[in-house]
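Visitor: I have a structure I would like to understand better, so I am pasting it below and will then ask my questions one at a time.
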Amino acid sequence: MPLNEEEQQQRLLAERSVDLYEEDEEERAYDCTEKVHIIGLDEENEADEYSTKAPPFSWRKLWLFTGPGFLMSIAFLDPGNLEGDLQSGAIAGDSLLWLLLWATVIGLLVQLLSARLGVATGRHLAELCREEYPNWARLLLWVMAELALIGADIQEVIGSAIAIKILSHGVLPLWAGVIITALDCFIFLFLENYGVRKLEALFAVLIAIMALSFAWLFGETKPSGVELLIGVVVPKLSSKTIKQAVGVVGCIIMPHNVFLHSALVQSREVDNRKIGRVREALKYYSIESGAALAISFIINLFVTTVFAKAFYGTEQANNIGLGNAGQYLQEKYGGGLFPILYIWAIGLLAAGQSSTITGTYAGQFIMGGFLNLRLKKWMRALITRSCAIIPTLIVALVFDTSEDSLDVLNEWLNVLQSIQIPFALIPLLCLVAKEEVMGIFKIGTVLQIISWLVAALVIVINGYLLVDFFSSEGSGVIFTSVVFVFTAAYVCFIVYLIARGITFSKWLGKTNRLTTTGN
């Protein structure tokens, strides 16, 4: 009896997966012993082997799949995002809350594509990039990913150091806070030895601390519920708030997070040779990622509305940053039951600590995937942490006494990460649309169009940020020449990545048609 198309795809997927499992020499995100066992696998029978339907929904299974999405959501709550939130609220009020909502939806779409890639292939984005591109392009993509990670990590570590400085009454300077934060990689390594679920429990606690801290601030400042609702529902944008709008969207897509999520989803025991099991995993990951980003949206909304209520239309609005935000709140609202300055610092510390640990995690996957390094995890964590801590320590020593200079540095770091966004998004979109890579789980034409439109929107918005930033930084002949050369090389590499994806897809389509005709 001839097999239908889905069954043929299932058999091909099974054969290809067996080959992959036999390649013992390649780096993997998680060893088999580290993965979380999903109930029901032991009860499978032979009829389930080629089943294309997902098993019935189970709350218990949803609980077992819950975790990777919450680790991914930390990137939406890091100190860089919190600074973007407070500046958006102070300068634009509640008028950009609608944009925060839709930016989170865009972020969810990108992260679900990343999860889809990881589950369907059993490999993460960095590993697939290593196979997809020639050595020069692969190494360039790796350098870009590492630069984006270092830029994000500096912001996160500095955010933690600021919180430690506040909580210590200024006794511990920024550089001391940086060293203390650097030690979190040892906590990470310690917990990871006891299993993935222990590490995920730590992040759940940190997210809960953030939620409680910023909800407390929300309760203390008592923003208007009507204005909040109008801000979320009614789109508003003016020439005075365009820079904050660009910042809101730019902070949502974090290059290292796209790589991270495709690896995190492999922490569960999913047999990607079975279409039904892959569909089941994608269903549960979609639910938990949506829930995680819904919580992150609420926390970001708390921060934005608190500073909108406190400082919108005031003289301090243009001068607020992470370093002085808590002090400004303290001066305006006083101590209360518990000093508001320390509530802010506790929330900031939880954001900084959680994001630095996920940064270490992402660095391991990026380095291991692109370079296929078979190093022990503690060694990779140490290398990843050192790459970020050393420049961060230098930054802390140089900018410890100057908050204005620290804000300028933060702008440069935002630009650094904005530059890297296409080098995570474009490979992701090219790979999830390839049948050779994804099998029947490749995204359809409609979703491809939507995804590329979203990617184009994000790239254009960040392009505006770059043009605005560099035009304000200088106009000399040497500066302009350097920027021009850099921009030309940058655009050429983006065009190359897009053209390679299109060319490969056309070639694959012709090959498939020839094969079908031959049969």
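The values are calculated or read from the model by the stated rules, or taken from the named source; none is laboratory data. Just so we're clear, the structure is a prediction, and the values are computed from it rather than from any experiment. Remember, those area values only see protein heavy atoms, side chains included, never the ligands or the DNA or RNA. Shrake-Rupley method; radii C 1.70, N 1.55, O 1.52, S 1.80 Å.
Visitor: What are the ³J(HN,Hα) couplings of region 296-304, residue after residue, when phi is run through the Karplus curve with 6.51, -1.76, 1.60 and θ = phi - 60°? Round to Hz, x for glycine and proline.
Guide: So the Karplus estimates, Gly and Pro as x, are 5, 4, 5, 5, 4, 5, 4, 5, 4 Hz.
Visitor: Using the structure shown, select from Lys274/Lys376; Lys309/Lys332; Lys35/Lys376; Lys376/Lys434; Lys165/Lys222; Lys61/Lys434 the pairs with a Cα to Cα distance greater than 21 angstrom.
Guide: Flagged as over cut-off: Lys274/Lys376; Lys376/Lys434; Lys165/Lys222; Lys61/Lys434.
Visitor: For region 156-236, rounded, prolate or oblate, judged on the Cα gyration tensor with a ≥ b ≥ c (square roots of eigenvalues), a/c < 1.5 rounded, else prolate if a/b > b/c?
Guide: Note, shape of region 156-236 comes out oblate.
Visitor: Report in % the part of the accessible area of region 168-315 that belongs to carbon and sulfur, leaving out ligands and nucleic acids; probe 1.4 Å.
Guide: 71 percent
Visitor: Give me the accessible area per residue for region 191-336, probe 1.4 Å, as a whole number in Å².
Guide: Spelled out: the 1.4 Å probe surface of region 191-336, per residue, equals 40 Å².
Visitor: Ok, one more. Provide the per residue accessible area, probe 1.4 Å, for region 102-165, rounded to a whole number of square angstrom.
Guide: Per residue, region 102-165 has 26 Å² of solvent-accessible surface.
Visitor: For region 230-381, what is Rg from Cα atoms divided by 2.2 N^0.38 Å, rounded to two decimals?
Guide: 1.38
Visitor: Can you list the residues, at least 5 places off or on another chain, whose amide H is less than 5 Å from the amide H of Arg268, using H built in the peptide plane?
Guide: Val36
Visitor: Kindly identify region 83-155 as rounded, prolate or oblate by the Cα gyration tensor criterion: order the square roots of the eigenvalues as a ≥ b ≥ c, call it rounded if a/c is under 1.5, otherwise compare a/b with b/c, prolate if a/b is larger, else oblate.
Guide: Because a/c hits 1.5 or more and a/b fails to exceed b/c, region 83-155 counts as oblate.
Visitor: Please calculate the 1.4 Å probe accessible area of Cys387, with all protein chains present, and give it to the nearest 10 Å².
Guide: Roughly 60 Å² of Cys387 is accessible to a 1.4 Å probe.
Visitor: Give the Cα extents of region 219-274 along the principal axes, in whole Å, largest first.
Guide: 50, 28, 24
Visitor: Could you check how much of the accessible area of region 89-135 is carbon and sulfur, as a whole percent, using a 1.4 Å probe?
Guide: Percent of accessible area from carbon and sulfur atoms in region 89-135: 67.
Visitor: Okay, next question. Once phi is turned into ³J(HN,Hα) by the Karplus curve 6.51 cos²θ - 1.76 cosθ + 1.60 with θ = phi - 60°, what whole-Hz value does each residue of region 437-447 show in order, with x for glycine and proline?
Guide: Residue by residue, region 437-447 yields 8, 9, x, 6, 8, 5, 6, x, 4, 4, 5 Hz.
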